[in-house]
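S.K.: Have a look at the structure that comes next, please.
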Amino acid sequence: MKLMTGNANLPLARDVARYLDLSLTDASVRRFADEEVFVEIHENVRGEDVFVLQSTGYPANDNLMELLICIDALRRASAKRITAVIPYFGYARQDRKSGSRTPISAKLVANLITVAGANRVLSIDLHAGQIQGFFDIPTDNLFAAPVMSADIVARYGGRNLMVVSPDVGGVVRARALAKRLDNAPLAIVDKRRERAGESEVMNIIGDVEGRFCVLIDDMVDSAGTLCNAAAALKQAGAADVVAYCTHGVLSGGAVARVESSALLELVITDSIGQHDVIKDAKRIRHLTIAPLLAEAIKRIADETSVSSLFD
């Protein structure tokens, strides 16, 4: 087994390699003067089971091209099996036609990864479960819920917990977390989105009076939804509000928005490389998913059950 990485999230790749007691594959992923991506592998990978770890977050197109070219280089170097390990799968929000004459970009990206030569895909908390069906190769979708629930119990186990979904679409995810927290009660934020990137909270479904509310979502981008939801929950009588999100995209003024919000803290995983602006944020905390990813990689290499990770 070999573990290779692009430049998207080197700290996570090193942590996974350390957990597996491996050295990262000796390769250079660099740019020509005109910003074309060039990949060169400096060791023999013929007949090897190779895992390429690369998130496709900002800059999404550069990181996606790095992933595709890494896979192509491994295929041409006669690797036996190539698994694309994509902690954060970019373009996942474009999983259906949202209007007339719009693309389904998630399917296009799935096709690109498959045609490049990947034999398998491993990701975490895909924005929509049906994206697994966009691939014609085996796809494992891991969940960060076990890592998050352990952290919630360790930090807030004595509080009067209530799990809150920031929208109707996230109810299944929120219910799964609530089940892990000894069947904690569930509430839903009903919101109306007027246009992309903006949201307006309408009302709270459930009694949050005096509760310690845990907002759960798969990603946080502009943070508008979470901050509006936190304000609405506090207004409805919640004692405190924290948010747990797997992927911290945090684009634009998201960090400043979180820092000035009603959130006690926002907890994100290291599925996406840290932005410099996050380092000084007082209300944003990171959880590592390196052990979870490493264990899944080990089980895939050993041909043992991945789903049993969540039993």
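The values are calculated or read from the model by the stated rules, or taken from the named source; none is laboratory data. Here the structure is a predicted model, which is why all the values come from computation and not from measurement. Please note: Cβ atoms are built from the backbone with ideal geometry, for glycine as well, and neighbour counts cover all protein chains shown. To get the accessible areas, we keep the full protein, side chains included, count just its heavy atoms, and leave off ligands, DNA and RNA. Shrake-Rupley method; radii C 1.70, N 1.55, O 1.52, S 1.80 Å.
S.K.: If we keep just the residues of the range 92-124 that are at pLDDT below 95 and within 17 Å of Ser271 (Cβ to Cβ), which is surrounded by the most Cβ atoms within 10 Å (Cβ to Cβ)?
M.R.: The qualifying residue surrounded by the most Cβ atoms within 10 Å (Cβ to Cβ) is Ala92.
S.K.: I would also like to ask the following. Those residues that are surrounded by 19 or more Cβ atoms within 10 Å (Cβ to Cβ), of a type in the set (Gly, Ala, Ser) and within 18 Å of the chain's Cα centre (by Cα), I need them from the range 242-272; list them, please.
M.R.: Passing the criteria: Ala243, Gly248, Ala254, Ser271.
S.K.: In the list Ala229, Ala239, Ala243, which residue meets the criterion of being modelled with pLDDT of 95 or more and farther than 30 Å from Asp15 by Cβ? Steps first, please.
M.R.: Values: Ala229 fails: modelled with pLDDT of 95 or more; Ala243 fails: farther than 30 Å from Asp15 by Cβ.
The conditions single out Ala239.
This table checks each residue for (1) over 19 Å from the mean Cα position of the chain (by Cα); (2) at positive phi; (3) of a type in the set (Val, Ile, Thr).
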position: Pro11; (1), (2), (3): no, no, no
position: Asp15; (1), (2), (3): no, no, no
position: Tyr19; (1), (2), (3): yes, no, no
position: Asp34; (1), (2), (3): yes, no, no
position: Val37; (1), (2), (3): yes, no, yes
position: Glu40; (1), (2), (3): yes, no, no
position: Val50; (1), (2), (3): yes, no, yes
position: Asn63; (1), (2), (3): no, no, no
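S.K.: Take the conditions open to solvent by less than 10 Å² (accessible area, probe 1.4 Å) and either outside any loop (DSSP other than H, G, I, E, B) or under 25 Å from Asn183 (Cα atoms) (or both) and apply them to Val277. Does it pass?
M.R.: Working: open to solvent by less than 10 Å² (accessible area, probe 1.4 Å): no; either outside any loop (DSSP other than H, G, I, E, B) or under 25 Å from Asn183 (Cα atoms) (or both): yes.
For Val277, the condition - open to solvent by less than 10 Å² (accessible area, probe 1.4 Å) and either outside any loop (DSSP other than H, G, I, E, B) or under 25 Å from Asn183 (Cα atoms) (or both) - is not met.
S.K.: Could you tell me how many of the residues in the range 129-152 are aliphatic (A, V, I, L, M) and open to solvent by 10 Å² or more (accessible area, probe 1.4 Å)? I'd like the intermediate steps shown before the answer.
M.R.: Our first condition is that a residue be aliphatic (A, V, I, L, M); within the range 129-152, this holds for 131, 137, 142, 144-145, 147-148, 150, 152.
Right, trim to open to solvent by 10 Å² or more (accessible area, probe 1.4 Å) and you get 137, 145, 147, 150.
Looking only at that region, the number is 4.
S.K.: I would also like to ask the following. Taking the stated definitions as given, is Ser78 open to solvent by 80 Å² or more (accessible area, probe 1.4 Å) and out of contact with any strand residue (DSSP E or B) (no Cβ under 9 Å at 6 or more places or on another chain)?
M.R.: On the way: open to solvent by 80 Å² or more (accessible area, probe 1.4 Å): no; out of contact with any strand residue (DSSP E or B) (no Cβ under 9 Å at 6 or more places or on another chain): yes.
No; evaluated as a whole, the condition is false for this residue.
S.K.: I'd like the full set of residues that are more than 21 Å from Ala145 (Cα to Cα) and either small (Gly, Ala, Ser) or modelled with pLDDT of 95 or more (or both), limited to the range 260-283.
M.R.: Residues of the range 260-283 more than 21 Å from Ala145 (Cα to Cα): 260-262, 275-282.
Residues satisfying the conditions are Ser260, Ser261, Ala262, Ala281.
S.K.: Which residue is farthest from Ala150 (Cα to Cα), if the candidates are limited to the range 170-192 and must be open to solvent by 80 Å² or more (accessible area, probe 1.4 Å) and part of a helix (DSSP H, G or I)? Steps first, answer last, please.
M.R.: Just the residues of the range 170-192 that are open to solvent by 80 Å² or more (accessible area, probe 1.4 Å), to begin with: 172, 175, 179-180, 182-183, 192.
With the extra rule that they be part of a helix (DSSP H, G or I), the set shrinks to 172, 175, 179-180.
Values: Val172: 19, Arg175: 16, Lys179: 13, Arg180: 9 Å.
Per the criteria, the residue is Val172.
S.K.: Do you know which of the residues in the range 36-58 that are touching a helix residue (DSSP H, G or I) at 6+ places or on another chain (Cβ under 8 Å) and surrounded by fewer than 15 Cβ atoms within 10 Å (Cβ to Cβ) is farthest from Val109 (Cα to Cα)? Walk me through how you get there before you give the answer.
M.R.: Of the residues in the range 36-58, the ones touching a helix residue (DSSP H, G or I) at 6+ places or on another chain (Cβ under 8 Å) are 37-41, 45, 49-57.
Now narrow it down to the ones that are surrounded by fewer than 15 Cβ atoms within 10 Å (Cβ to Cβ): 38, 40.
Numbers: Phe38: 20, Glu40: 23 Å.
Residue satisfying both the conditions and the ranking: Glu40.
S.K.: Does the range 79-102 contain any residue that is of a type in the set (A, V, I, L, M) and either assigned to a helix (DSSP H, G or I) or over 25 Å from His247 (Cβ atoms) (or both)? Spell out the reasoning first.
M.R.: First, pick out the residues of the range 79-102 that are of a type in the set (A, V, I, L, M): 79, 82, 84-86, 92.
Narrowing further to those that are either assigned to a helix (DSSP H, G or I) or over 25 Å from His247 (Cβ atoms) (or both): 79.
Yes, the conditions are met somewhere in the range 79-102.
S.K.: What's the total number of residues in the range 128-171 that are in contact (Cβ under 8 Å) with a residue 40 or more places away in the chain and closer than 25 Å to Ser305 by Cβ? Steps first, please.
M.R.: Step one: of the range 128-171, the residues in contact (Cβ under 8 Å) with a residue 40 or more places away in the chain are 131, 140, 142-148, 151-152, 156, 159-167, 170.
Right, trim to closer than 25 Å to Ser305 by Cβ and you get 131, 140, 142-148, 151.
Counting residues in the range 128-171 that are in contact (Cβ under 8 Å) with a residue 40 or more places away in the chain and closer than 25 Å to Ser305 by Cβ gives 10.
S.K.: If I filter the range 1-23 down to residues being touching a strand residue (DSSP E or B) at 6+ places or on another chain (Cβ under 6 Å) and open to solvent by 50 Å² or more (accessible area, probe 1.4 Å), which single residue comes out as nearest to Gly273 (Cα to Cα)? Show your work before the answer.
M.R.: Let us first name the residues in the range 1-23 that are touching a strand residue (DSSP E or B) at 6+ places or on another chain (Cβ under 6 Å), namely 1-7, 13, 17, 22.
Then drop every residue that is not open to solvent by 50 Å² or more (accessible area, probe 1.4 Å), which leaves 1, 7, 22.
Values: Met1: 24, Asn7: 9, Leu22: 21 Å.
Looking at the filtered set, the residue picked out is Asn7.
S.K.: Does Ala73 meet the test of being touching a residue at least 12 places away in the same chain (Cβ under 8 Å), crowded, with 17+ Cβ neighbours inside 10 Å, over 20 Å from the mean Cα position of the chain (by Cα) and not in a loop (DSSP other than H, G, I, E, B)?
M.R.: On the way: touching a residue at least 12 places away in the same chain (Cβ under 8 Å): yes; crowded, with 17+ Cβ neighbours inside 10 Å: yes; over 20 Å from the mean Cα position of the chain (by Cα): yes; not in a loop (DSSP other than H, G, I, E, B): yes.
Yes; evaluated as a whole, the condition is true for this residue.
S.K.: Here's something else I'd like to know. Give me the strands (runs of 3 or more DSSP E) completely within the range 116-166, filtered to those with at least 3 residues that are touching a Leu at 6+ places or on another chain (Cβ under 8 Å) and either farther than 29 Å from Asn183 by Cβ or among the hydroxyl-bearing types (Ser, Thr, Tyr) (or both), ordered by residue number.
M.R.: none
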